[in-house]
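Trainee: Before I ask anything, let me first share the structure, which is written out below as structure tokens.
The values are calculated or read from the model by the stated rules, or taken from the named source; none is laboratory data. All of these numbers come straight from a predicted model, not from anything done at the bench. Here Cβ is always computed from backbone atoms with ideal geometry, including for glycine, and neighbour counts include all displayed protein chains.
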Amino acid sequence: MHDDGHKQSVIRDAVAAMFGRQGGRILVAVSGGVDSLALLLSAAEVARERTGVASLDHGLRPGSAREVEGVGELARVRGLPFHSEALGLTPGPGSEARARAARYAALHRIAEREGYAAVATAHTADDQAETLLMRLARGAALRGAAAIRAGGPRLLRPLLTVRRADTEALVAAAGLEPVRDPSNEDPGLFRTRIRHHVLPVLRQAAGTGVVERLARFARSAAEDEELLAGLAGEALARVRDGAGLDAVGVRAVPWPLRSRLLRAWLEELGHPVSDRLLRDVSAAIDHGGRTGLPGRRVLATEGGWVRVQPRPGQREVPAPAELRLGMPVDFGGFRVWIGEGPGVPAGGANFPLTVRARRPGDRVGRDEGQTRRVQDVLVDAGIPAELRAAWPLVADARGRVLWVVGLWPRPHPGAAPFLHAEAPVREFVQESGTGKQRSL
């Protein structure tokens, strides 16, 4: 009993410290699992008047709606405001990543709408250890070894020093039955294999404290990474010159800072970055050469300056832009807007909508039917290669492509709101085999 009381006090102390550091009301994310129930119970005990509860129905397995209802009933019994959303996700490849992105988007959307200062999730030291092992096994460097960060902009994780055994003890003492997610037993998932096959062997080989030691290492890695990223930011400010970099200045920066400097700069420009790309870019800077970048761009070191420019014959790709009612977006020679009248229906979309260029893996098609690659839609329509990279798509908050502008689907009457586009900048596409041109 004394041991259980100590475990409960560890969680309460961690949650109380979170509320002490963060002002305002906090939205606690609760799935109904043991860790999130422990977070809910402790928050209700230490700061009931500042706590709200959110539970999301991902729609990926039967019974998920009932689980959300159960969380809502528990919140009401504890006198806490309750918020929920149905995300309507579909099973399939990448469902874990899609669910995570949709979950955090929904939590921050609820927090913004309901006036919460931050969102709190219930990741524990066990989650931290599992994530660290997964990332190391995949070849992560220090940045990845930081694993789950203790917090971020409007995001709190107060239980990262707490063991899952502690949350289980607290929930059992409260007489609650947590939700058991079947995916936690799915051997097809990497995390499940780490949890049930790797960590038990490590405990046997290195002792029962291995989880705490792994979690401490991840925390130290996060602290080191924060320091290095700050120093790299200062170095970037010194070598930046307008849209480019001073090549001599970059060469003088040691690799641990240079890699972070270049990553930050390239990500600002919208380029996905890998370790291989960073080393290719660094070599091009060292030798005054060029290297290709994603999105049909080239990094060139010329005259002592490092620039990113389109490849010859390629068109500049605009940055993504949010599509709002009454606010047209100019993109790739088109003007796109939401309005009334016959067009492409956007009913059922997860707002906000974004106008952007295509990305690897983009597909179109109904959720329940066959899909096609956006690349194939553009090719079949005869769009020249130099125009495809900047062709506008409209995607919703889940990343689902609703419209390849002017190509798929065709505008037709339907339920409002409607998507519309016109081409104020005239682009011409050569019609295959005719020698004629048609205006889009």
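Trainee: Quick one: what pairs do we get from the range 392-410, first residue outside the structural domain of Asp380 (by TED's automatic domain parsing) and in a strand (DSSP E or B), second at pLDDT below 90 and crowded, with 20+ Cβ neighbours inside 10 Å, C-beta under 7 Å, 6+ apart or different chains?
Mentor: If the second residue must be at pLDDT below 90 and crowded, with 20+ Cβ neighbours inside 10 Å, no pairs are left.
Trainee: Could you identify the single residue in Ala118, Ala122, Ala102, Ala129 that is of a type outside the set (Asp, Glu), buried (at least 19 other Cβ atoms within 10 Å of the Cβ) and either farther than 21 Å from Ala222 by Cβ or outside the structural domain of Ser55 (by TED's automatic domain parsing) (or both)?
Mentor: Ala102
Trainee: In the range 278-318, what residues are touching a Lys or Arg at 6+ places or on another chain (Cβ under 9 Å), more than 19 Å from Asp241 (Cα to Cα) and assigned to a helix (DSSP H, G or I)?
Mentor: Matches in the range 278-318: Leu278 only.
Trainee: Would the range 68-76 turn up any residue that is touching a residue at least 12 places away in the same chain (Cβ under 8 Å) and surrounded by fewer than 20 Cβ atoms within 10 Å (Cβ to Cβ)?
Mentor: yes
Trainee: Return the only residue of Ala205, Ala169 being without any contact (Cβ under 8 Å) to a residue 60 or more places away in the chain, part of a helix (DSSP H, G or I), among the small types (Gly, Ala, Ser) and assigned by TED's automatic domain parsing to the domain that holds Leu27.
Mentor: Ala205
Trainee: Take residues that are more than 17 Å from Leu170 (Cβ to Cβ) and either touching a Cys at 6+ places or on another chain (Cβ under 7 Å) or β-branched (Val, Ile, Thr) (or both) and tell me which of the helices (runs of 4 or more DSSP H) falling wholly in the range 1-108 contain 1 or more.
Mentor: Output list reads 64-77.
Trainee: Go through the range 334-345 and count every residue that is modelled with pLDDT under 80 and buried (at least 18 other Cβ atoms within 10 Å of the Cβ).
Mentor: Of the residues in that region, 3 qualify.
Trainee: May I pose another question? Given the conditions (1) surrounded by fewer than 17 Cβ atoms within 10 Å (Cβ to Cβ); (2) at pLDDT 85 or above, report the number of the one that Val377 does not fulfil.
Mentor: Here Val377 meets the rest and fails (1).
Trainee: Filter the range 281-321 down to the residues that are in contact (Cβ under 8 Å) with a residue 40 or more places away in the chain, more than 27 Å from Ile383 (Cβ to Cβ) and of a type in the set (D, E, K, R) and list them by number.
Mentor: Passing the criteria: only Arg307.
Trainee: Just to be sure, is Gly348 at pLDDT below 90 and either touching a Ser or Thr at 6+ places or on another chain (Cβ under 9 Å) or among the small types (Gly, Ala, Ser) (or both)?
Mentor: So Gly348 passes the test.
Trainee: Still on this structure, please answer the following. Given the condition surrounded by fewer than 21 Cβ atoms within 10 Å (Cβ to Cβ), touching a His at 6+ places or on another chain (Cβ under 8 Å) and within 24 Å of Leu160 (Cα to Cα), answer yes or no: does some residue in the range 85-95 qualify?
Mentor: no
Trainee: Going through Ser282, Ser259 one at a time, which residue ends up being out of contact with any Asp or Glu (no Cβ under 9 Å at 6 or more places or on another chain) and of a type in the set (Ser, Thr, Tyr)?
Mentor: The unique qualifying residue is Ser282.
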